[in-house]
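Pasting a structure below so you can have a look.
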Amino acid sequence: PSTPCVYFAIDGSGVVQYIGQSANPALRWIKHHRLSLLAEMQSVRIAYLSVDVDLLLRVERALIEYFDPPLNQLRG
């Protein structure tokens, strides 16, 4: 989408591998810093939750804490 959202990269086993947020995720994914790692996984799909732009960071942090995605733990 091109609207503010929190997005989830989910692997073929249904495990959330990465969570991010963006005011315009369509543009964000063009040069995403985790794209190469996600491309190596089998059957990764992207899901999203539309969120008011003012709540993006707070919602993202809460979801990262809840799901503890492996790729959010990597630096860089």
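For segment 34-56, indicate whether the set of residues that are assigned to a helix (DSSP H, G or I), surrounded by fewer than 18 Cβ atoms within 10 Å (Cβ to Cβ) and among the aromatic types (Phe, Trp, Tyr) is non-empty.
No, there is no match, as no residue in segment 34-56 is assigned to a helix (DSSP H, G or I), surrounded by fewer than 18 Cβ atoms within 10 Å (Cβ to Cβ) and among the aromatic types (Phe, Trp, Tyr).
Can you give me the number of residues within segment 6-51 that are at pLDDT 85 or above, farther than 20 Å from Asp68 by Cβ and of a type in the set (A, V, I, L, M, F, W, C)?
Qualifying residue count, segment 6-51: 1.
Here's a follow-up. Working only within segment 1-28, note down all residues that are in contact with an Asp or Glu (Cβ under 9 Å, 6 or more places away or on another chain) and among the polar types (S, T, N, Q).
Answer for segment 1-28, where residues must be in contact with an Asp or Glu (Cβ under 9 Å, 6 or more places away or on another chain) and among the polar types (S, T, N, Q): Gln17, Gln21.
The values are calculated or read from the model by the stated rules, or taken from the named source; none is laboratory data. Values in this document were obtained by computation on a predicted structure and should not be read as measured data. Virtual Cβ from ideal backbone geometry, glycine too; neighbours counted across all protein chains shown.
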